[in-house]
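Enquirer: Attaching a single structure in structure tokens format; questions to follow.
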Amino acid sequence: MADRRNTKLRIALCHPDLGIGGAERLVVDAAVELTALGHHVHIFTAHHDRKRCFEETVDGSFPVTVYGDFLPRHIFNRLHAVCAYIRCVYVAICMALLWPRFDVVFADQVSAVIPVLKLKRGSKILFYCHFPDLLLAQHTTKLRRLYRAPLNWIEQTTTGMADCVLVNSEFTASIFSSTFTRLQAQGLHPAVLYPAVNVHQFDTSSKNPPDLSFIPGLPADGHTFLSINRFERKKNIALAISAFAILVRQQEKSQSTMVPKELVRLVIAGGYDQRLAENREYLQELKTLATEEGVADLVIFVPSCSTSQRNALLAACICVLYTPKNEHFGIVPLESMAAQKPVVACNSGGPKESVQHGKTGYLCESNPASFATAMSLILQDPSRAEIMGKDARKHVEENFSRQVFGERLSTVIQDLLKDSL
């Protein structure tokens, strides 16, 4: 058997829309690290806006080719899933017809491309399942169930055609097995490849304190709790506000043992799109909740937070609150720990695998009282946050850095090909 450990491979990545979301970040990280390891990498996609994308996709690190951007994303604001399937399959057809064989094709999100990609004999297909799409879709009416039924069948059937299936966490692996029961019965067990974070982007210098001029009124010597998430109801940001309100009331009753409330803030930042009704409505709901909880003057909202603003907030806060329950994985805890900040998160889903309870943060029940208890521990002893932050950074460097991710992915690919020659 030939040893392919040092072989430079031709690797294609097939992704629906190369924007700036978490799935796109993972695909770009895969391309960056596989390129750094000497492989010849090429990304294929149905959409790539050079003005709204990750820098690595336009700096010449690897080629990006777009096919099918002329195809509709929806039909009268309906049939989004069908249109996504059509666009992605078109990309796969162009890859199969117009390009020579790749050693490996890394596909994600839309498994319908797999049978088309397998038409190119000799190419191994690796599919990365971020989460079963059929669980993300709505099945609330009979019409929706009828619409989704063939798509759900296609998703399970075509996922099973991949030569290797990866998922982003043990939590997602368990959901995968309980959802795709037919694949489970066939003995398909996905392997876990955790997403990664570029730890060096959070390196800071004590000579250059974070620029927080975009948040007027934030106490320079204050203690800031930070929540970073998209303004969507499923992110459960209300939990952070209610927990913060409990913490503030505790301070008012015991001011001698805690920081004065005038120096404590909660900053809620994250992705916000004015065009989306849910974003607009949820932001207003959160502001209303802050008023009802009596902490409106202590809660600061930063919608449409830029990368530089996010990094400044991470550098300035004492702790990050991560509120989604049963999150598939969650990249925010990794970013927070890479920035040397402890994380308070729900004791469910991906954070159970990324946050070390009592060492790099706290895993809590999904209720305000539990979160407030963890927040109080950190607020009462700032040195605790500093020690946990250092442990958190080391934890991410050793287990979730982009370099570790790339090496593990390369090993998966090499193992997939080891019997090919």
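Enquirer: In nm, to one decimal, how far is the Lys234 label point from the Glu365 one, both placed 7 Å along Cα→Cβ?
Expert: 2.6 nm
Enquirer: Does the chain come out rounded, prolate or oblate, given a ≥ b ≥ c as the square roots of the eigenvalues of its C-alpha gyration tensor, rounded meaning a/c under 1.5 and, failing that, prolate meaning a/b above b/c? Mind dumping the intermediate values first?
Expert: Details: a/c = 2.00, a/b = 1.67, b/c = 1.20.
Judged from the Cα gyration tensor, the chain comes out prolate (a/c at least 1.5, a/b above b/c).
Enquirer: Residue by residue, what Karplus-based ³J(HN,Hα) values in Hz, rounded to whole numbers, does segment 140-152 have, using 6.51, -1.76 and 1.60 with θ = phi - 60° and x for Gly and Pro?
Expert: For segment 140-152, the Karplus curve yields 7, 10, 4, 5, 5, 5, 5, 5, 7, 3, x, 5, 5 Hz.
Enquirer: Okay, next question. Pick out, from Val197, Met161, Gly349, the residue whose Cα sits farthest towards the positive end of the charge dipole of the chain, with +1 on the Cβ of Lys and Arg and -1 on the Cβ of Asp and Glu.
Expert: Of the candidates, Met161 comes out farthest on the positive side.
Enquirer: Check which residues have an amide H placed less than 5 Å from His130's amide H, if you skip close sequence neighbours.
Expert: Residues meeting the criterion, in which the H sits 1.01 Å from N, are Gln109.
Enquirer: Hey, another quick one. Just to be sure I understand: with springs between alpha-carbon atoms less than 10 Å apart, which residue in Leu135, Leu266, Leu151 has the highest mean-square fluctuation in the Gaussian network model of the chain?
Expert: Most flexible of the set in this elastic network: Leu135.
Enquirer: Still on this structure, I have one more. With n ≥ 4 as the cut-off for DSSP H runs, can you work out [θ] at 222 nm for the chain, using -39500 (n - 2.57) per run divided by the number of residues, rounded to the nearest 500? Don't skip to the end; give the middle numbers.
Expert: Working: 15 runs with 175 residues, N = 421.
Taken over the chain, the calculation gives -13000 deg cm²/dmol.
Enquirer: Residue-wise, which Karplus ³J(HN,Hα) couplings in Hz belong to segment 109-122, taking 6.51 cos²θ - 1.76 cosθ + 1.60, θ = phi - 60°, and x for glycine or proline?
Expert: Coupling constants for segment 109-122: 6, 10, 6, 4, 6, 4, x, 5, 5, 6, 5, 7, 4, x Hz.
Enquirer: Where in segment 119-148 does the label zone of Arg10 land, with the point 7 angstrom along Cα→C-beta and an amide N cut-off under 19 Å?
Expert: Output list for this probe position: 119-126.
Enquirer: Just need the relative contact order of the chain here, percent rounded to a whole number, with Cα pairs under 8 Å and 6+ apart.
Expert: Numbers: 754 pairs, mean separation 62.5, N = 421.
For the chain, the relative contact order is 15 percent.
Enquirer: Continuing with the same structure: How big is the dipole moment of segment 200-399 about its Cα centre under a simple scheme where the beta carbon of each Lys and Arg is +1, that of each Asp and Glu is -1, and everything else is neutral? Debye, nearest 20, please. Each step should come with its number before you reach the end.
Expert: Details: 21 positive and 22 negative charges, 23 e Å.
In total the dipole reaches around 120 debye.
Enquirer: Using the Cα gyration tensor of segment 31-155, with a ≥ b ≥ c the square roots of its eigenvalues, what is the shape: rounded (a/c below 1.5), prolate (a/b larger than b/c) or oblate (neither)? If you can, show how the numbers build up before the last one.
Expert: Details: a/c = 2.00, a/b = 1.61, b/c = 1.24.
Prolate shape, in that a/c is at least 1.5 and a/b is the bigger ratio.
Enquirer: Can you tell me which of 214-223, 312-321, 87-96 comes out highest on packing, and rank the rest after it, using the mean Cβ neighbours within 10 Å?
Expert: Details: 214-223: 12.4, 312-321: 23.5, 87-96: 21.2.
Sorting 214-223, 312-321, 87-96 by mean packing, highest first, produces 312-321, 87-96, 214-223.
Enquirer: Moving to a separate point now. What is the extension gain from Asp211 to Leu97, computed as 0.36 nm multiplied by their sequence separation minus the C-alpha to C-alpha distance, in nm to one decimal?
Expert: On the way: separation 114, 0.36 × 114 = 41.04 nm, distance 5.09 nm.
Fully extending the segment from Asp211 to Leu97 adds 35.9 nm.
Enquirer: Here's another thing I want to ask about it. In straight Cα distance, which lysines are under 25 Å from Lys394, not counting same-chain residues fewer than 8 positions off?
Expert: Lys207, Lys341, Lys352, Lys359
Enquirer: Let me ask something additional. Starting from the Cα of Lys390, draw a straight line to each of the aspartates and glutamates and keep only those under 16 Å, dropping any in the same chain fewer than 8 residues away.
Expert: Straight-line reach from Lys390, under 16 Å: Asp203, Glu335, Asp381, Glu398.
Enquirer: Same structure again: Work out the length of the dipole vector of the chain about its Cα centre, built from +1 on the beta-carbon of each Lys and Arg and -1 on the beta-carbon of each Asp and Glu, and round it to the nearest 20 debye.
Expert: Values: 45 positive and 41 negative charges, 220 e Å.
That gives the chain a dipole magnitude of about 1060 debye.
Enquirer: Still on this model: Full-extension gain between Leu276 and Glu398, please, as 0.36 nm times their residue separation minus the C-alpha to C-alpha distance.
Expert: On the way: separation 122, 0.36 × 122 = 43.92 nm, distance 3.81 nm.
Answer, rounded to one decimal: 40.1 nm.
Enquirer: Related question: Fewest first, what order do Ser242, Ser227, Ser336 take by the number of other Cβ atoms within 10 Å? Can you show the working numbers first?
Expert: Details: Ser242 21, Ser227 29, Ser336 32.
Lowest count first: Ser242, Ser227, Ser336.
Enquirer: Which parts of segment 311-328 would a label at Asp203 reach, counting a residue when its backbone N lies under 20 Å from a point 7 Å out along Cα-to-Cβ?
Expert: 311-316
Enquirer: Pulled fully out, how much extra length does the chain show between Arg144 and His40, if you take 0.36 nm times their separation in residues and subtract their Cα-Cα distance?
Expert: 33.2 nm
Enquirer: In straight Cα distance, which lysines are under 17 Å from Lys287, not counting same-chain residues fewer than 8 positions off?
Expert: Qualifying lysines at Cα under 17 Å: Lys234, Lys235.
Enquirer: I'd like the Karplus ³J(HN,Hα) series for segment 390-407: coefficients 6.51, -1.76, 1.60, θ = phi - 60°, whole numbers in Hz, and an x wherever there's a Gly or Pro.
Expert: Coupling constants for segment 390-407: 5, 5, 5, 4, 4, 4, 5, 4, 7, 10, 10, 6, 5, 5, 4, 4, x, 5 Hz.
Enquirer: Using R₀ = 30 Å, calculate the FRET efficiency as 1/(1 + (r/R₀)^6) where r is the Cβ-Cβ separation of Ser383 and Gln284; round to 0.05. Please report the intermediate quantities before stating the final value.
Expert: On the way: r = 38 Å, r/R0 = 1.28.
According to the calculation, E is roughly 0.20.
Enquirer: If a/c stays under 1.5 just call it rounded; otherwise compare a/b with b/c (prolate if a/b is bigger, oblate if not). Do that for segment 200-399, with a ≥ b ≥ c from the square roots of the Cα gyration tensor eigenvalues. Don't jump to the answer; show the numbers that get you there.
Expert: Working: a/c = 1.19, a/b = 1.08, b/c = 1.10.
The shape class here is rounded.
Enquirer: Here is a follow-up. Tell me the relative contact order for segment 200-399 as a rounded percent, counting alpha carbon contacts under 8 Å between residues six or more apart. Could the numbers behind the result be given before it?
Expert: Working: 354 pairs, mean separation 48.6, N = 200.
In percent, rounded to a whole number, it is 24.
Enquirer: In degrees from 0 to 90, rounded to the nearest 10, what is the angle of the helix 80-98 Cα long axis to the longest principal axis of the chain?
Expert: So the helix axis and the longest Cα principal axis differ by about 50 degrees.
All of the numbers you see were taken from the coordinates with simple rules; none came from a lab. Because the structure is a prediction, the values reported are computed rather than measured. Cβ coordinates were reconstructed from backbone atoms using ideal geometry, including for glycine residues, and neighbour counts include every protein chain displayed.
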